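Each remark here refers to the structure printed beneath this line.
The values are calculated or read from the model by the stated rules, or taken from the named source; none is laboratory data. Source: prediction; values computed, not measured. Note that we place each Cβ from the backbone using ideal geometry, even for glycine, and neighbour counts take in every protein chain shown. Quick note on the areas: whole protein, heavy atoms, side chains included, nothing else; ligands and nucleic acids left out. Shrake-Rupley method; radii C 1.70, N 1.55, O 1.52, S 1.80 Å.
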Amino acid sequence: MREDNMLIFEKSVAGRRCVTMPKSPLIADIPDGLKRSSPPGLPEVAQIDLVRHYTQLARKAHGVDNGFYPLGSCTMKYSPRLNEDCAALPGFTQTHPLQGEDASQGSLAVLHDLALSLADICGMDEVTLQPAAGAHGEFGALLMVKEYFRRKNDLKRTKVIVPDSAHGTNPAGAAMCGFQVVPVPSDAGGCVDMEALAAIAGEDTAALMLTNPNTLGLFEKNIQEIVRIIHGAGGLMYCDGANLNAIMGRCRPGDMGFDLVHLNLHKTFSTPHGGGGPGSGPVGCKAQLAEFLPGDRVVFENGRYAFAKRADSVGNVKNFYGNFLVCLRAYAYILTLGGDGLREVSENAVLNANYLMKLLAPEYAPSFEGTCMHEFVLSLEELKKQTGVSAADVAKSLIDRGIHPPTMYFPLIVREALMVEPTETESKETLERAAAAFKELHALAFSKPDALLEAPVLTPIRRADELAAAKNPLLKFEG
Amino acid sequence: MSYVPSTAREREQMLKAVGAAGYDDLYKDVPPEIAFRGDYSHIAKEGLSEFEVKDRLGELAARNRNYAAIFRGAGAYRHHIPSCVPHLAMRSEFVTAYTPYQAEISQGVLQAIFEYQTTICALTGMDASNASVYDGATAAAEGISMCLEKNRRSAVVSQTANPGVLSVIKTYCKAMDAELILCPEKNGVTDLEALASLVNENTACVYAQTPNFYGIVEDGEAIARIAHAAKARFIAGVNPISLALFKTPGEYGADIAVGDGQPLGIPLSFGGPYLGFMSCRKDMVRKLPGRIIGQTVDKEGKRAFVLTLQAREQHIRREKALSNICTNQALCALAATVYCAALGPQGLYEVACQSMANAAYLKEQLEAAGFAPAFPGVVFHEFVTQCPTDSAKVLAALDSNGILGGLPIDGNRILWCATEVNTKDQIDHLIRIVRSVIPHA
């Protein structure tokens, strides 16, 4: 059937209703001077039309449930249905955040146990669950760094060192907290350039923000030396835990020497990505920083769970206690996997990535040689030189083959980058089919490059004019 | 259970194909001194079966109280959520997608967020909206961030705002090295004289919430006048349901409108996930943080939706970005969009009217029972009363009858809330219980 591309607002017919409210004997008394001048321009639709409209939009979306989604750095793994059922229990969804500790013992138990489990997994002494997403956790953690040095009256520490391969949220978060961002280059092997780091680190260093494994999918094998340099300079070690899915049960940020870490429950712990959120970005830290964590802690004393203030907390970064239902899903996930399962997750995430990387060679070469962790980065620079077909063209062509493209043009230090993260929940044959599609496109780039430049052709729209969108922004429906 | 599909045999084949004798070979870059070989202290070695997990979580859910009636708001509100809202928002294509970077394969998510932006602008009377931030409190804080300039580093914030929102504003101001100046209240509303004296050439913005924490509708026009006289911005914190009835931030001259979208079809959920909405006037669009969706055309001229104005964002601007937000609350924004479309202008009007009428009736009945209103002023669906007896005693009596009463606040006062689900019968029942614990009532 042909699908329309009308907005719900364009399907509105005056007088139509979708649901009705109870008839109330009470009448509101609104002073005239306070009334809005005309009703809000919301759609008036029948229920069947509402249902069809959003069902049709759902069909124009691609989730992990639709097909392979190797979006690097985002860990698009399967989101178990069991966790959805747990998060839909009325005992959790119908609880008011201010109904008091005695009436919320179940929710507090979840927060308490999840924080302990996550601290265990990342080798830290304490975890807060308040931040709503990874970048939010970074913000909270950097604020802890700022407060930590302020309390020590060590005010010269104004700089945060960030590798040139880092996620954009790292420098942006550091700048939000008033730090000066100092980039450190990567070496020929794709890891932190040790000489450059040693030259940069000094008495003005507040922290190094490091993703390990890094965004190239490589384990920073000099991690111990990096820690020595930063701690030696008096700075703190911050771990961007976006890539934790590679290392659970194998090594822990805390044991590596990191002082702080943020995790992404919507990546490593299988909570669904929701078309862009909600996520959850817990922050873990070592004991000497624990009193600085954002939000209250949950304690278990005398058989009862309760909130307790942290002495030097940087404050609340969000109202209430975090994205509770997201936390709940992650808790169900950890219970289901157990310690052995968590290790199995990481080992197979790494195996799947290496297997896919191997299958893609020699046509697609990884940007750095060697074993990768849970993801790898391809550079299509050669292909582009030879055929004119870019990383974006290959990505768009994958769409016609039912595959969500990898992350494009990131990290910034790799030209024509495609960052591929298959995750552990994909089967061997899915990886083989994806590799076949990649290889078919490689051949096509030489025999019929136009086919790639034109792609995609099987989607509801063809390539969109993004320049026009930014030049003349149309950001809402104008009746 | 790890949800890993490959069998032991397949794993062997794959290991062999990549030239590894075992998993240890894949982790050879991890220095042995930092390898984790122990067991966890708080996680069982073996996982539980699906049945066991469900059972455990069910037990925990049962340890929360579920109240038959809730008369508590203070930033989280129980409204009726039409059945079609979760059914549509929880479609697995939406649930398991991520940020719509690839427009061609993400039109459904992109169009839904475009509809969300249109909905928020319709409610607030503003020109542009982003695709959501974490919650109403972070929306307020990000709003302040939008207004800060080199020589305007202070935010004047009314003390009548929700204390939870105030605490987050405080945290963000500290991070951004912005000065936070609290404007005192008078009779439960922002003290306008004090406000006028606090706003000056260093003021980046004024933030005030209406209806405020005490439920009272603030004089938005007066606040806008005071802010604008000093060339400062006015950020209005609003309850989206109230906007079906009351003057919009656009109408009273606010520059930015923010708030928590939870009342729009999101369950209470012990505080999250909710969504923060942010909308503003045209001249501030390029200062909005986070994702924004725009309409454009594809190469064949067909209508298309894309992520736009990305030059504001962290993945492009890095340390020069306005905010580091990446993941937002997209699925909650979708639910809010479907909720508003399901209710339509008439339905939302009825929800707002009934909430207001029920609250007015509750207030009147409580007053008759000896609970004097703490403040004058027009309220929407919340209000504060002075308690004629120990407020803990009143709330305990309600609690033992399955009713969550209002929120106790300082000075033996209670902040009550009623919405369209708190019917007259429910209120009459509450009043009977309340009267039974008041001496001589």
### Task
Take the residues in the stretch A:336-366 that are free of Cβ contacts under 8 Å to residues at least 40 places away in the same chain and more than 21 Å from residue A:243 (Cα to Cα), then tell me which one is most open to solvent (accessible area, probe 1.4 Å).
A:362
### Message
What's the number of the only condition in (1) open to solvent by less than 10 Å² (accessible area, probe 1.4 Å); (2) touching a residue at least 60 places away in the same chain (Cβ under 8 Å); (3) not basic (Lys, Arg) that residue A:45 fails to meet?
### Response
(2)
### Answer residue from the stretch B:275-298, given it is within 15 Å of residue B:126 (Cα to Cα) and buried (at least 24 other Cβ atoms within 10 Å of the Cβ) and is nearest to the other protein chains (Cβ to nearest Cβ) among those
B:292
### Task
Could you list, in sequence order, all residues of the stretch B:1-18 that are within 15 Å of residue A:357 (Cα to Cα) and within 7 Å of another protein chain (Cβ to nearest Cβ)?
B:14, B:15, B:17, B:18
### Query
Would you say residue A:89 is outside the structural domain of residue A:313 (by TED's automatic domain parsing) and closer than 30 Å to residue A:337 by Cα?
no
### Message
Quick test for you: out of B:311, B:333, B:342, B:352, pick the one residue that is more than 8 Å from chain A (Cβ to nearest Cβ) and among the hydrophobic types (A, V, I, L, M, F, W, C).
### Response
B:333
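Going by the structure shown, is residue B:237 touching a residue at least 40 places away in the same chain (Cβ under 8 Å) and part of a helix (DSSP H, G or I)? Lay out the reasoning, then the answer.
Numbers: touching a residue at least 40 places away in the same chain (Cβ under 8 Å): yes; part of a helix (DSSP H, G or I): no.
Taking the combined requirement at face value, the residue does not satisfy it.
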#### Entry: Single residue of the stretch A:161-177 satisfying the filter (out of contact with any Ser or Thr (no Cβ under 8 Å at 6 or more places or on another chain) and outside any helix (DSSP H, G or I)) that is farthest from residue B:142 (Cα to Cα)
A:162
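Kindly check whether there is at least one residue in the stretch A:255-267 that is aliphatic (A, V, I, L, M) and facing chain B (nearest Cβ under 10 Å). Step through it out loud before you land on a result.
To start, the set of residues in the stretch A:255-267 that are aliphatic (A, V, I, L, M) comprises A:256, A:260-261, A:263, A:265.
Next cut, facing chain B (nearest Cβ under 10 Å) only: A:256.
Looking through the stretch A:255-267, at least one residue is aliphatic (A, V, I, L, M) and facing chain B (nearest Cβ under 10 Å).
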#### Entry: Single condition residue B:415 does not satisfy, out of (1) in contact with a Ser or Thr (Cβ under 6 Å, 6 or more places away or on another chain); (2) within 11 Å of chain A (Cβ to nearest Cβ); (3) not hydroxyl-bearing (Ser, Thr, Tyr)
(1)
### Summary
The number of residues in the stretch B:41-98 that are touching a His at 6+ places or on another chain (Cβ under 8 Å), more than 30 Å from residue B:427 (Cα to Cα) and of a type in the set (Ser, Thr, Tyr) is 2
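Only one of B:289, B:263, B:249, B:267 is in the same structural domain as residue B:102 (by TED's automatic domain parsing) and over 29 Å from residue B:227 (Cβ atoms). Can you tell me which? Spell out how you get there, then give the answer.
Numbers: B:289 fails: over 29 Å from residue B:227 (Cβ atoms); B:263 fails: over 29 Å from residue B:227 (Cβ atoms); B:249 fails: over 29 Å from residue B:227 (Cβ atoms).
Result of the check over B:289, B:263, B:249, B:267: B:267.
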#### Entry: In the stretch A:407-432, the residues that are free of Cβ contacts under 8 Å to residues at least 24 places away in the same chain and under 19 Å from residue B:7 (Cβ atoms)
A:427, A:429
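Does residue B:365 fit the bill of being closer than 25 Å to residue B:86 by Cβ and either of a type outside the set (Lys, Arg) or surrounded by fewer than 21 Cβ atoms within 10 Å (Cβ to Cβ) (or both)?
Values: closer than 25 Å to residue B:86 by Cβ: no; either of a type outside the set (Lys, Arg) or surrounded by fewer than 21 Cβ atoms within 10 Å (Cβ to Cβ) (or both): yes.
In short, no.
Of all residues in the stretch A:98-128 being assigned to a helix (DSSP H, G or I) and charged (D, E, K, R), which is farthest from the other protein chains (Cβ to nearest Cβ)?
Kept after step one, since they are assigned to a helix (DSSP H, G or I), are these residues of the stretch A:98-128: A:105-122.
Those still in the list that are charged (D, E, K, R) too: A:113, A:120.
Values: A:113: 7, A:120: 4 Å.
Residue satisfying both the conditions and the ranking: A:113.
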### Message
more than 30 Å from residue A:36 (Cα to Cα), assigned to a loop (DSSP other than H, G, I, E, B) and touching a residue at least 24 places away in the same chain (Cβ under 8 Å): which single residue out of B:376, B:439 fits that description?
### Response
B:439
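Here are A:322, A:303: which of them is small (Gly, Ala, Ser), more than 30 Å from residue B:8 (Cβ to Cβ) and open to solvent by less than 10 Å² (accessible area, probe 1.4 Å)? If you could, list the steps in order and put the result at the bottom.
Values: A:303 fails: open to solvent by less than 10 Å² (accessible area, probe 1.4 Å).
Going through A:322, A:303 in turn, just one is small (Gly, Ala, Ser), more than 30 Å from residue B:8 (Cβ to Cβ) and open to solvent by less than 10 Å² (accessible area, probe 1.4 Å): A:322.
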### Task
Of the numbered conditions (1) touching a helix residue (DSSP H, G or I) at 6+ places or on another chain (Cβ under 9 Å); (2) within 9 Å of chain B (Cβ to nearest Cβ); (3) at pLDDT 95 or above, residue A:437 fails exactly one; give the number of that condition.
(2)
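In the stretch B:115-223, which helices (runs of 4 or more DSSP H) lie fully inside it and hold 2 or more residues that are in the same structural domain as residue B:352 (by TED's automatic domain parsing), crowded, with 24+ Cβ neighbours inside 10 Å and at pLDDT 95 or above? Outline the logic, then answer.
Working: elements: B:136-147, B:163-175, B:192-198.
Filter on the stretch B:115-223 gives an empty set.
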### Summary
In the stretch B:67-88, anything under 27 Å from residue A:108 (Cα atoms), open to solvent by less than 10 Å² (accessible area, probe 1.4 Å), of a type in the set (A, V, I, L, M) and more than 7 Å from every other protein chain (Cβ to nearest Cβ) is listed as B:69
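The rows are residues; the columns are (1) modelled with pLDDT of 95 or more; (2) farther than 30 Å from residue A:258 by Cα; (3) part of a loop (DSSP other than H, G, I, E, B).
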| residue | (1), (2), (3) |
| --- | --- |
| B:3 | yes, no, yes |
| B:39 | no, no, yes |
| B:43 | yes, no, yes |
| B:46 | yes, no, yes |
| B:52 | yes, yes, no |
| B:56 | yes, yes, no |
| B:60 | yes, yes, no |
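Among B:395, B:343, which is closer than 22 Å to residue B:213 by Cβ and out of contact with any Ser or Thr (no Cβ under 7 Å at 6 or more places or on another chain)?
Checking each option against the conditions leaves just B:395.
Given A:306, A:392, which one is under 30 Å from residue B:53 (Cβ atoms) and either small (Gly, Ala, Ser) or in a helix (DSSP H, G or I) (or both)? Let's see the steps before the verdict.
On the way: A:392 fails: under 30 Å from residue B:53 (Cβ atoms).
Answer to the selection: A:306.
Does residue A:382 meet the test of being more than 13 Å from chain B (Cβ to nearest Cβ) and in a loop (DSSP other than H, G, I, E, B)? It would help to see each step written out before you state the result.
Working: more than 13 Å from chain B (Cβ to nearest Cβ): yes; in a loop (DSSP other than H, G, I, E, B): no.
Against the criterion (more than 13 Å from chain B (Cβ to nearest Cβ) and in a loop (DSSP other than H, G, I, E, B)), residue A:382 does not qualify.
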### Summary
In the stretch A:69-97, residues that are assigned to a loop (DSSP other than H, G, I, E, B) and surrounded by fewer than 21 Cβ atoms within 10 Å (Cβ to Cβ) total 4
### Boolean, residue B:303 is over 18 Å from residue B:259 (Cβ atoms), more than 7 Å from chain A (Cβ to nearest Cβ), open to solvent by 10 Å² or more (accessible area, probe 1.4 Å) and of a type outside the set (Asp, Glu)
no
#### Entry: All positions within the stretch B:43-66 that are at the interface with chain A (Cβ under 7 Å from one of its Cβ atoms) and more than 13 Å from residue A:337 (Cα to Cα)
B:54, B:56, B:57, B:58, B:60, B:61, B:62, B:63, B:64, B:65, B:66
### Query
When you go through (1) buried (at least 24 other Cβ atoms within 10 Å of the Cβ); (2) within 12 Å of chain B (Cβ to nearest Cβ) one by one for residue A:420, which number turns out not to apply?
(2)
